[in-house]
Amino acid sequence: MWGGRYAEGPSAIMREINASIGFDRKMWQQDIRGSLAHAGMLAHVGIISADDEAAIRQGMETIAKEIAEGRFPFDETLEDIHLNIEARLTERIGEAGKRLHTGRSRNDQVATDFRLWVRDALDGLAAQIEDCLRAFVSVAAEHTGTLMPGFTHLQPAQPTTLGHHMLAYTEMLSRDLGRFRDARTRMNECPLGAAALCGTGFPIDRHMTAASLGFDGPTRNSLDSVASRDFALEFLSACAICATHLSRFAEEIVIWTSPAFGFIRLGDGLTTGSSIMPQKRNPDAAELVRGKTGRINGALIGLLTVMKGLALTYAKDMQEDKEGVFDAAQSLSLCLAATAAMVRDMKPDLARMAAAAGAGFSTATDLADWLVRELKMPFRDAHHVTGRIVAKAEQMGVDISGLTLVEMQEIEPRITTSVFGVLSPAASAASRTSFGGTAPSNVARMVKEWQEKLA
């Protein structure tokens, strides 16, 4: 490519460290799309002839077929997907192929192809997030009143419902979906025509090229066009946050399927056994979602580190921008698919969850609230009285509702029999009617809202 300047070719080690064809061939469809848009624009403004554009289009169609069918002769000495396709095009159609690169550089070509690839990935992952949302909402709809313990510090805190728990992840994933959509809007500008860094003297029409590739318009500064990868960083950031949400749910699956909890069961299709222990049913799908999150987070930190010290504009360091993005997109896609499958597959043990909902003095807050409402006791005093009642119950080996009225009155004489109406897990959950609270009536309303949004 630069034989006019260099008398000798690169050394073996230079070829090896310089080549990116091993991974950037993933962008072959985007590269062809970008080249066809560029060729169409060049012909429209009269820089190349209509015959040249027709030859380029026909040649690209043949190349696309070769790549799709696995017959394309990828050549590492040509470094990347862009030069591989251009060389093959010139080999097939001659002089017209050599004219394709007029008015552009590999710098803006790479930036355009990469944006197209990331945009396609954003669309695909957004569709998977929506599928995950439907899975969570479906379980929530079935279990609006199914009792389970709510935890803080992984200790029983207050009774909640499985439906409310599923809607918590629905909220998280909905924000993830918003981040993906926002990132797509922000990155939807076309760098093609920025050339190496300063634009070009050819009378190109960058607005036409941008429109033909589905961008909202061209990027507005040629230096920024080739120097920036914040669109990839934002993509990775959105992926990392989403993966972190999935990982938290995966951790709960691991906990809930353990015999110590026994809240849910996963089928054979999403668990594995042991080579030595025949009784094992391991939640490996969940564990791999949890594990792959580390790879996705690492990709974000990796690209941030690559970009942090680069003066404007392009530097070869930026060749390291793609592998982490490709891997993160694939990993998140697998995590989303596995999560949706686990949500749809899991079978809750309703009795086990209901029993656990009342464990650990989980209705203690309800007792404190009753003291405030019925006895007009300041909350801090009610908190202290309730703490003493819990300590007494713990000493006697019973739950709060297992104490007799007389035993409670030994601590607070004004307590009446009506207190027992608030001490069941079901009553506790039903009482949480504040907006966003865990009451089954609230959950049912939120399920309906989500069903309408996702319809």
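The value given for segment 172-286 is a Kirkwood hydrodynamic radius of 18.2 Å, derived from the mean inverse Cα-Cα separation.
Stretched out straight at 0.36 nm per residue, the stretch from F261 to A426 would grow longer than its current Cα-Cα span by 57.4 nm.
How about segment 392-446: which GluC sites (Glu not before Pro) there lie in a loop by DSSP and see at most 15 other Cβ atoms within 10 Å? Those satisfying the criteria are E410.
From most to least packed by mean Cβ count within 10 Å, the peptides 235-243, 425-433, 384-392, 307-315 give 235-243, 425-433, 384-392, 307-315. Counting only protein heavy atoms and using a 1.4 Å probe, the accessible area of R352 comes to about 100 Å².
Straightening the chain between E449 and A355 buys 30.9 nm, computed as 0.36 nm per residue apart minus the Cα-Cα spacing.
Suppose the Debye formula is applied to equal point scatterers at every Cα of segment 61-190; what is log10 I(q)/I(0) at q = 0.12, 0.14, 0.15, 0.19 Å⁻¹? For segment 61-190 at q = 0.12, 0.14, 0.15, 0.19 Å⁻¹, log10 I(q)/I(0) is -0.70, -0.80, -0.85, -1.09.
Projecting the Cα positions of T185, W370, A50 onto the charge dipole of the chain (unit charges on Cβ atoms of Lys, Arg, Asp and Glu, taken about the Cα centre) puts W370 furthest along the positive direction. A full extension of the chain between H44 and Q279 corresponds to an added length of 77.6 nm, given 0.36 nm per residue minus the alpha carbon distance. When only alpha carbons of segment 360-423 are considered, Rg and Dmax amount to 10.3, 29 Å. Among the trypsin sites (Lys or Arg not before Pro) within segment 1-81, those in coil by DSSP and having at most 13 neighbouring Cβ atoms inside 10 Å are R5, R71. How about segment 21-66: which GluC sites (Glu not before Pro) there are in a DSSP loop, with at most 15 other Cβ atoms within 10 Å of their Cβ? Those that pass, being in a loop and sparsely packed, number zero. For the residue pairs K347/K392; K65/K453; K26/K308, alpha carbon separations beyond 28 Å are given by K347/K392; K65/K453. Here the label points at K316 and F435, each 7 Å from Cα along the C-beta direction, are separated by 5.8 nm in the simple model. Each Lys and Arg Cβ is given +1 and each Asp and Glu Cβ -1; about its Cα centre, the chain then shows a dipole of about 660 debye.
Axis of helix 50-68 versus longest Cα principal axis of the chain: the two differ by about 50°, to the nearest ten degrees.
Protection proxy ranking, highest mean first, for peptides 292-305, 323-336: 323-336, 292-305, where packing is the per-residue count of other beta-carbon atoms within 10 Å, averaged. In the chain, the portion of solvent-accessible area held by carbon and sulfur atoms comes to 53 percent [1.4 Å probe, whole percent, DNA, RNA and ligands not counted].
For segment 303-368, the C-alpha radius of gyration divided by 2.2 N^0.38 Å, with N the number of residues, is 2.23. Its Cα gyration tensor gives the chain an equivalent ellipsoid; the semi-axes, largest first and in whole Å, are 61, 22, 19. The angle between the Cα long axis of helix 440-454 and the longest principal axis of the Cα atoms of the chain comes to about 10 degrees, rounded to the nearest 10.
Taking amide H atoms as placed 1.01 Å from N in the peptide plane, the amide H of T161 lies under 5 Å from those of M148, each 5 or more residues away in sequence or on another chain.
Computed 3J(HN,Hα) for segment 292-308, one whole-Hz value per residue from the Karplus formula 6.51 cos²θ - 1.76 cosθ + 1.60 where θ = phi - 60°, is 5, 4, x, 5, 5, 4, x, 5, 4, 5, x, 6, 4, 5, 4, 7, 5, glycine and proline marked x. With everything on Cα atoms, drop me the angle between helix 106-142 and the longest principal axis of the chain, reported from 0 to 90° to the nearest 10. Taking Cα atoms only, the helix is inclined about 20 degrees.
The values are calculated or read from the model by the stated rules, or taken from the named source; none is laboratory data. This structure is a prediction, so every number in the text was calculated from the model and none was measured. Cβ atoms come from the backbone with ideal geometry, glycine included; neighbour counts cover every protein chain shown. Heads up: the accessible areas ignore ligands, DNA and RNA and are worked out on the full protein's heavy atoms, side chains in. Shrake-Rupley method; radii C 1.70, N 1.55, O 1.52, S 1.80 Å.
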